[in-house]
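Worksheet for the structure shown next.
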Amino acid sequence: MHPHRLQQLVASVPDNITSEQRARLLAHVQTSDGCRARAARVRHELSQALDGGDCGVDRALDLACELDTLDRVQERVDGWLGVLVDELTHVPRVVRYDDGVPA
């Protein structure tokens, strides 16, 4: 997830969440950002290898496989983060019946 989008998502979470919820949010954010940074490093290294670097074919293939995995993991981690933010920002609604008593 782009760092700006990540920042916007985190900013949408209310300040009054519990410390446990804050810890979960931070772990998700760090994992998402770490995955993005790692993919960028691998993408750069792979680009250098494909430009004729001395790393060899096996290393280039390993890097391509790692990048593919990181791209798929990034989508999954970002999805988990989105679900968590939805949980943390959801305001429960009280359902009332005609008698005025909450459900």
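Per residue, how much accessible surface does the chain expose to a 1.4 Å probe? Answer in Å², no decimals. Provide the component values of the computation, followed by the final result.
Numbers: 7490 Å² over 103 residues.
It amounts to 73 Å² per residue over the chain.
Can you compute 3J(HN,Hα) from phi for each residue in the stretch 4-14, using the Karplus curve 6.51 cos²θ - 1.76 cosθ + 1.60 with θ = phi - 60°, rounded to whole Hz and x for Gly and Pro?
5, 5, 4, 5, 5, 4, 5, 5, 7, 7, x
What is the magnitude of the charge dipole of the chain about its Cα centre, with +1 placed on the Cβ of each Lys and Arg, -1 on the Cβ of each Asp and Glu, and no other charges, expressed in debye to the nearest 20? Present the calculation step by step, with values, prior to reporting the outcome.
Details: 12 positive and 17 negative charges, 53 e Å.
Charge dipole, the chain, about its Cα centre: 260 debye, nearest 20.
Could you run the Debye sum over the Cα atoms of the chain, one equal point scatterer each and no solvent, and tell me log10 of I(q)/I(0) at q = 0.10, 0.17 Å⁻¹, two decimals?
With one equal scatterer per Cα and no solvent, log10 I(q)/I(0) is -0.44, -0.82.
When the helices in the chain are scored as -39500 (n - 2.57) per DSSP H run of 4 or longer and the sum is shared across all residues, what 222 nm value do you end up with, to the nearest 500 deg cm²/dmol?
Helix-only estimate at 222 nm: -25500 deg cm²/dmol.
Counting Lys and Arg as +1 and Asp and Glu as -1, what is the net charge of the other residues whose Cβ lies under 15 Å from the Cβ of Gly52?
On the way: positive: Arg59; negative: Glu45, Asp51, Asp54.
So the environment of Gly52 carries a net charge of -2.
Can you give the local net charge around Leu6? Use residues other than it whose beta-carbon is closer than 11 angstrom to its beta-carbon, Lys and Arg +1, Asp and Glu -1. Could the numbers behind the result be given before it?
Values: positive: Arg5, Arg36; negative: Asp33, Asp78.
So the surrounding residues net to 0.
Would you work out what percent of the accessible area of the stretch 1-91, with all protein chains in place, is carbon or sulfur (probe 1.4 Å)? Walk me through the intermediate numbers first.
Details: 3310 of 6160 Å².
Reported share for carbon and sulfur atoms: 54 percent.
The values are calculated or read from the model by the stated rules, or taken from the named source; none is laboratory data. Note that the structure is predicted; figures quoted are calculated from it, not measured. When we count neighbours, we look across all protein chains shown, and the Cβ atoms used for this are built from the backbone with ideal geometry, even at glycine. Ligands, DNA and RNA are stripped out before the accessible areas are found, and what is left, the full protein with its side chains, is counted by its heavy atoms. Shrake-Rupley method; radii C 1.70, N 1.55, O 1.52, S 1.80 Å.
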